[in-house]
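Novice: Following this message is one structure expressed as structure tokens.
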Amino acid sequence: MPEIDSETVTMEPPQIFVERTLAIIKPDCVDKADEIEEIILRSGFTILQKRRVHLTPEQTSDFYAEHYGKMFFPSLVAYMSSGPIVAMVLARECAISYWRELIGPTNTLKARETHPDSIRALYGTDDQRNAVHGSDMYSSAEREIRFLFPDSIVEPIPAGQAAKDYLSKVVNPTLLKGLTELCKQKPEDPVKWLADWLIANNPNKPRINEPYSIQEPN
């Protein structure tokens, strides 16, 4: 077997991507929202967006369209539209699977047996009134986040070496110039000065290279 020269071997660092998922605190647990959010934050999640909303039966039917025709669908729609919910976009590495693990099995009784520290075991009462909802896969998370947060952009967030490479290539050169000039100028309000400098020196700012003329209206 040929020898490997350890000095010439470079190991690529693992690529870590922060993932997003949708969490919903269901109507009968909204009064426990602060407690549940505390569990979420202690578990390493970041809450990117949050809103309290009362869905209509029609909106709820659209949200759970994949369950249309199932026996429990009418009661699910009635329950989830019976009061306000708290919807949150959560982020962390492998957010979807970690959130599913944290909330526990769908059936609250089973959750209490197999995952006694899960959110559903602590706050749920049955299959439907099981305290919280969590997206089960990436495509579901994308659809559900867009449903409840229409302006949200659903893309993986680069982290680790990927983020460092991006900042090094795209952000740092311009930022370094700005910081250097900032040190020379020593303005009274350095943050505002730097913000204005970045706007004026944005390398991606559109430029008009061809001559143009402005015609006044008659």
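Novice: Suppose every Lys and Arg Cβ carries +1 and every Asp and Glu Cβ carries -1, with no other charges. What dipole size does the range 16-155 come out with about its Cα centre, to the nearest 20 debye? Mind dumping the intermediate values first?
Specialist: Values: 16 positive and 21 negative charges, 20 e Å.
Roughly 100 debye for the range 16-155.
Novice: With each pseudo-label sitting 7 Å past Cα toward Cβ, what's the LEU176-THR46 distance in nm, one decimal?
Specialist: 2.5 nm
Novice: Which value in nm describes the separation of the simple spin-label points at PHE73 and ASP34, placed 7 Å from the Cα toward the beta carbon?
Specialist: 4.0 nm
Novice: Ok, one more. When only C-alpha pairs under 8 Å and at least 6 residues apart count, what is the relative contact order of the range 16-155, in percent? Could you put the intermediate results ahead of the total?
Specialist: Values: 232 pairs, mean separation 49.3, N = 140.
Relative CO of the range 16-155 lands at 35 percent.
Novice: So how far, in whole Å, is the C-alpha centre of the range 89-115 from the one of the range 55-87?
Specialist: 21 Å
Novice: What distance in nm separates the simple spin-label points at SER140 and THR114, each placed 7 Å from Cα in the Cβ direction?
Specialist: For the pair SER140/THR114, the computed spacing is 1.5 nm.
Novice: Taking other Cβ within 10 Å of each residue's Cβ, how do LYS184, LYS192 sort, fewest first? Can you show the working numbers first?
Specialist: Numbers: LYS184 7, LYS192 10.
Taking fewest neighbouring Cβ atoms as first place, the list is LYS184, LYS192.
Read-outs throughout are calculated quantities, based only on the coordinates presented, and are distinct from any laboratory measurement. Nothing here was measured: the structure is a model prediction, and the numbers come from that model. All Cβ positions, glycine included, derive from the backbone under ideal geometry; neighbour counts span all protein chains shown.
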